[in-house]
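The values are calculated or read from the model by the stated rules, or taken from the named source; none is laboratory data. The structure displayed is predicted, hence computed values, not measured ones. With ideal geometry, Cβ positions are generated from the backbone for all residues, glycine too; neighbour counts draw on all protein chains shown.
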Amino acid sequence: MADFFGSWHDAVAVCWFFASWMVYTRYVQAAAKRRSCLTSTMIAWRRQWMIELLARDNRITDTSAIANLERNVSFLASSALLIVAALLTTLASTEQAINVLATIPFTTPASRELWEVKVLLLAVVFIYAFFQFTWSMRQYSFLSIMVGGAPQAPKGGPALDAATRERFVAHAVDVATLAAFAFNQGLRAFYFALAVLGWLVNPMVFMVATSLVIWVLYRREFHSPAARALREGL
């Protein structure tokens, strides 16, 4: 492994990167079930949204909100694809890139093979983000269809029974949450891609950058003003 990555420092840094990413993702999923955070709070807001949706006759506002979410995801998916194309293009200028990096203080010299591994890792991260964003888009389109087919009480007729309402709300919230989860995964990939840039300097900067990304994501998920405002708004 050391021969492949250039040194044991590089190998450890890459292991730290992937372990940190996977552990943090698992932690947020588990923490959302037992404590207040952005993930759990947004699930509650989506449930409130679907309850209010069933009470409205005109649901144009709801479909517009979903379309807006899809546009945001589509923009990031397109950006990820463009970044992948740019990264693959840089492989043709490996020697020039290595020479430029060699002029930066504290940069560890890298072989051509190691440089290509670093660029390919960045490309893989953005490819992962692209797949997550496109899956999120599809799930938001599923939600749009569910909203279009949402049950509606006939005018002058009996109100929807509680079982029908709860069944729609539960499944619509599930689909919306899955779409949001895929979006969050893609967005986290962008953050972690910034950490990979630290590897271009040296393995230690890579590990520090990875830890910093985790800290930023944790603060925003559990202790940000936005998380507090959303929690208190319920």
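Numerical summary
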{"quantity": "Selection from the stretch 192-210 of residues that are closer than 22 Å to residue 76 by Cα and surrounded by fewer than 17 Cβ atoms within 10 Å (Cβ to Cβ)", "calculated": "194, 197"}
{"quantity": "Residue count for the stretch 31-65, restricted to those that are in contact (Cβ under 8 Å) with a residue 24 or more places away in the chain, of a type outside the set (Phe, Trp, Tyr), closer than 21 Å to residue 224 by Cβ and touching a Leu at 6+ places or on another chain (Cβ under 9 Å)", "calculated": "5"}
{"quantity": "Filter pass, residue 25 being under 18 Å from residue 210 (Cβ atoms), part of a helix (DSSP H, G or I) and touching a residue at least 60 places away in the same chain (Cβ under 8 Å)", "calculated": "yes"}
{"quantity": "Filtered residue count, the stretch 54-74, keeping only those that are in a helix (DSSP H, G or I) and out of contact with any Phe, Trp or Tyr (no Cβ under 9 Å at 6 or more places or on another chain)", "calculated": "7"}
{"quantity": "Which listed residue is assigned to a helix (DSSP H, G or I) and in contact with a Phe, Trp or Tyr (Cβ under 6 Å, 6 or more places away or on another chain), from 51, 83, 43", "calculated": "83"}
{"quantity": "Residue count for the stretch 97-120, restricted to those that are at pLDDT 70 or above and more than 13 Å from residue 202 (Cα to Cα)", "calculated": "6"}
{"quantity": "Count of residues meeting criterion [touching a residue at least 60 places away in the same chain (Cβ under 8 Å) and of a type in the set (Phe, Trp, Tyr)] in the stretch 142-180", "calculated": "1"}
{"quantity": "Residue 209 vs. criteria under 17 Å from the mean Cα position of the chain (by Cα) and farther than 30 Å from residue 56 by Cα", "calculated": "no"}
{"quantity": "Condition broken by residue 19, with the remaining ones in (1) surrounded by fewer than 11 Cβ atoms within 10 Å (Cβ to Cβ); (2) at pLDDT 95 or above satisfied", "calculated": "(1)"}
{"quantity": "Residue 213, sole failed condition from (1) closer than 17 Å to residue 23 by Cβ; (2) surrounded by fewer than 19 Cβ atoms within 10 Å (Cβ to Cβ)", "calculated": "(2)"}
{"quantity": "Yes/no for residue 153 being in contact with a Leu (Cβ under 6 Å, 6 or more places away or on another chain), under 27 Å from residue 43 (Cα atoms) and outside any helix (DSSP H, G or I)", "calculated": "yes"}
